[in-house]
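Here is the structure we will look at.
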Amino acid sequence: GQQLNQSPQSMFIQEGEDVSMNCTSSSIFNTWLWYKQEPGEGPVLLIALYKAGELTSNGRLTAQFGITRKDSFLNISASIPSDVGIYFCAGRDTGRRALTFGSGTRLQVQP
Amino acid sequence: NAGVTQTPKFRILKIGQSMTLQCAQDMNHNYMYWYRQDPGMGLKLIYYSVGAGITDKGEVPNGYNVSRSTTEDFPLRLELAAPSQTSVYFCASSYRDGEKLFFGSGTQLSVL
């Protein structure tokens with residue numbers, strides 16, 4: 001089946017630090033999405049990417065659709081305590097319906 | 001702004017019992033999905049629907065059934081609950097196929 005490898009699995013950082021996480025796929029994707037999940041809630045969409053090389057920002061968050069179409073990156077600048085949560089990448093290729101999700105990056109921010 | 005509503009929020013079942021997880025959306029989305037999330041894992045697709053009357057299997061459909069009689073509702077049925085079905089279940093909907101999914105807040109199910 002389709003594989004999405006997300007790394008790192010977890011991060012523990014100090015408030016104010018920048019964060020980077022990434023996802024790689026075993027196949028080419030035409031859509032990449034990044035979601036954040038807080039405890040007891042469903043994932044909430046942060047950023048959607050539709051073209052190879054695309055770089056999109058949402059406040060302090062920036063995501064990129066990799067040139068190879070097999071990877072994507074999410075950066076969070078100047079982290080704050082409310083950034084705590086699990087960040088999921090998700091992707092879709094042309095041959096499949098619905099999204100495939102990564103296993104998540106658990107982010108903890110020390111005030 | 002209800003979005004995607006799931007009920008119940010929590011449920012404990014005995015092995016062999018059956019139940020239906022309810023999901024409703026008020027965004028007039030054609031596409032709806034059921035995912036399960038096991039501890040420390042990502043979401044795995046159980047079933048999805050591209051519109052009323054049309055459903056299809058996802059990655060892990062065994063032990064589940066769905067129906068889609070209206071655009072708004074997409075219930076998930078467990079017929080003979082097993083401990084392996086202990087998980088958190090998320091319903092989602094989208095305007096376009098597989099893009100920008102909106103999720104409900106989840107149903108935490110334990111089968112003992």
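Please tell me if A:LEU107 is within 11 Å of the chain's Cα centre (by Cα) and in a strand (DSSP E or B).
no
Kindly evaluate B:LEU112 against the criterion of being out of contact with any strand residue (DSSP E or B) (no Cβ under 9 Å at 6 or more places or on another chain) and open to solvent by 30 Å² or more (accessible area, probe 1.4 Å).
Taking the combined requirement at face value, the residue does not satisfy it.
Based on what the data block shows, is A:GLY91 within 14 Å of chain B (Cβ to nearest Cβ) and either assigned to a strand (DSSP E or B) or within 10 Å of the chain's Cα centre (by Cα) (or both)?
In short, yes.
Considering only residues that are assigned to a loop (DSSP other than H, G, I, E, B) and β-branched (Val, Ile, Thr), which ones fall in region B:71-112?
B:THR71, B:THR86
Give me the pairs, please: first residue somewhere in region A:41-67 and within 13 Å of another protein chain (Cβ to nearest Cβ), second residue anywhere and of a type in the set (Asp, Glu), beta-carbon distance under 8 Å, and either six or more positions apart or on two chains.
Once the first residue is within 13 Å of another protein chain (Cβ to nearest Cβ) and sits in region A:41-67, its partners that are of a type in the set (Asp, Glu) give A:VAL44/A:GLU38; A:ALA48/B:GLU99.
Can you tell me which residues in region B:13-70 are more than 14 Å from every other protein chain (Cβ to nearest Cβ), of a type in the set (S, T, N, Q), out of contact with any Lys or Arg (no Cβ under 6 Å at 6 or more places or on another chain) and in a strand (DSSP E or B)?
B:GLN22
For region A:9-34, which positions are outside any strand (DSSP E or B) and modelled with pLDDT under 95?
A:GLN9, A:SER26, A:SER27, A:ILE28, A:PHE29, A:ASN30
The values are calculated or read from the model by the stated rules, or taken from the named source; none is laboratory data. Small disclaimer: the values here were computed from a predicted structure and weren't measured. Because the Cβ atoms are built from the backbone with ideal geometry, glycine has one as well, and the counts that use them run over all protein chains shown. Please note that ligands, DNA and RNA were not included when accessible areas were found on the heavy atoms of the full protein model with its side chains. Shrake-Rupley method; radii C 1.70, N 1.55, O 1.52, S 1.80 Å.
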